[in-house]
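Presented below is the structure to which this report refers.
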Amino acid sequence: GAGVSQTPSNKVTEKGKYVELRCDPISGHTALYWYRQSLGQGPEFLIYFQGTGAADDSGLPNDRFFAVRPEGSVSTLKIQRTERGDSAMYLCASSAGQGAYEQYFGPGTRLTVT
Amino acid sequence: GESVGLHLPTLSVQEGDNSIINCAYSNSASDYFIWYKQESGKGPQFIIDIRSNMDKRQGQRVTVLLNKTVKHLSLQIAATQPGDSAVYFCAEPSGTYKYIFGTGTRLKVLA
């Protein structure tokens, strides 16, 4: 079956621009997560959705970052006024529900801010 | 493909040998752990999990050992194959849904 998909796979943008990263979770998965991974590091939690609502956005680094999941399926991570330090791999994961369930990761979007 | 990390601890193993990857975790109250495999340019892939009421769990060619006394996990891969080359992360929960990932170990399989 289809796994988690993310688009685009690569995004190059200029400093100061706005970007949107999209995540399509596994069908039926109610929980969706965004992580950010810098080179040489493990993924770091950004935000968690249960259904349409952001249950925990404590990992978002600042107010330039925002994410939505309006219909409880597809999610978009939005970054305003991008900075070079935002360059990283952005990973999306989904799981069947809250709790210690296996999280299935997408292939990620590599964001490069020049 | 793009490298996941350039300065990770690296374990080099001859093809056919067994690999042991280690991980120290931080929270003694953690009750669940996962090992993920991440190939270059891809997202992490679930390998095996273990709950804290177990000290060993076996999968296909993989075994995870948990030592709660010293807060240590290990992943053993039997008869390592070239396709096992990747970065391996252990992850422990933070709360009921977040995971904290370790820094990872790069496994290189030598032909």
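Arrange the peptides A:47-56, A:29-38, A:2-11 so that the one whose residues have, on average, the most other Cβ atoms within 10 Å appears first.
Details: A:47-56: 17.2, A:29-38: 21.9, A:2-11: 14.9.
Result, highest mean first: A:29-38, A:47-56, A:2-11.
Using a 10 Å cut-off around each Cβ of peptide A:42-49, what is the average number of partner chain Cβ atoms that fall inside? Please list the in-between numbers first.
On the way: counts 16, 10, 3, 7, 1, 1, 4, 0.
For this peptide, the per-residue mean of nearby foreign Cβ atoms is 5.
Mind ordering A:90-96, B:48-54, A:20-26, A:71-77 by average Cβ neighbours within 10 Å, highest first? Don't jump to the answer; show the numbers that get you there.
Values: A:90-96: 23.4, B:48-54: 14.6, A:20-26: 20.1, A:71-77: 17.0.
Answer by packing, highest mean first, reads A:90-96, A:20-26, A:71-77, B:48-54.
Which distance in Å, rounded to a whole number, links the C-alpha centroids of region A:72-114 and region A:1-47?
Measuring centre to centre over Cα atoms gives 2 Å.
Return the average number of partner chain Cβ atoms within 10 angstrom of each residue Cβ along peptide A:32-41.
Working: counts 0, 3, 0, 5, 0, 8, 1, 7, 10, 9.
Averaged over the peptide's residues, the number is 4.
When Lys and Arg each count +1 and Asp and Glu each count -1, what net charge do the other residues less than 13 Å away from A:T7, Cβ to Cβ, add up to?
+1
Any idea what the relative contact order of chain B is, in percent, if you count C-alpha pairs under 8 Å spaced at least 6 apart? The partial results should precede the final answer.
Values: 249 pairs, mean separation 39.7, N = 111.
36 percent.
Pairs B:K37/B:K98; A:K78/B:K37; B:K37/B:K108; A:K15/B:K37; B:K71/B:K98; B:K68/B:K108: which are spaced more than 21 Å apart, C-alpha to C-alpha? List each step's numbers first, then the result.
Details: B:K37/B:K98 18 Å; A:K78/B:K37 27 Å; B:K37/B:K108 13 Å; A:K15/B:K37 32 Å; B:K71/B:K98 19 Å; B:K68/B:K108 28 Å.
Long pairs (Cα-Cα over 21 Å): A:K78/B:K37; A:K15/B:K37; B:K68/B:K108.
Between A:R22 and B:T96, what's the calculated FRET efficiency when r is the beta-carbon distance and R0 is 25 Å? Round to 0.05. If you can, show how the numbers build up before the last one.
On the way: r = 26 Å, r/R0 = 1.05.
So, using R0 = 25 Å, E works out to roughly 0.40.
Summarise the partner chain shielding of B:88-97 as one whole number: the mean count of Cβ atoms from other chains within 10 Å of each residue's Cβ.
Values: counts 0, 4, 1, 3, 1, 2, 2, 5, 7, 14.
Mean shielding by partner chains, rounded to a whole number: 4.
Rule-based calculations on the coordinates, nothing more; no lab input. A quick note: this is a predicted structure, and the numbers were derived from the prediction, not measured. Neighbour counts are summed over all protein chains in view; Cβ atoms, including those assigned to glycine, are modelled from backbone coordinates with ideal geometry.
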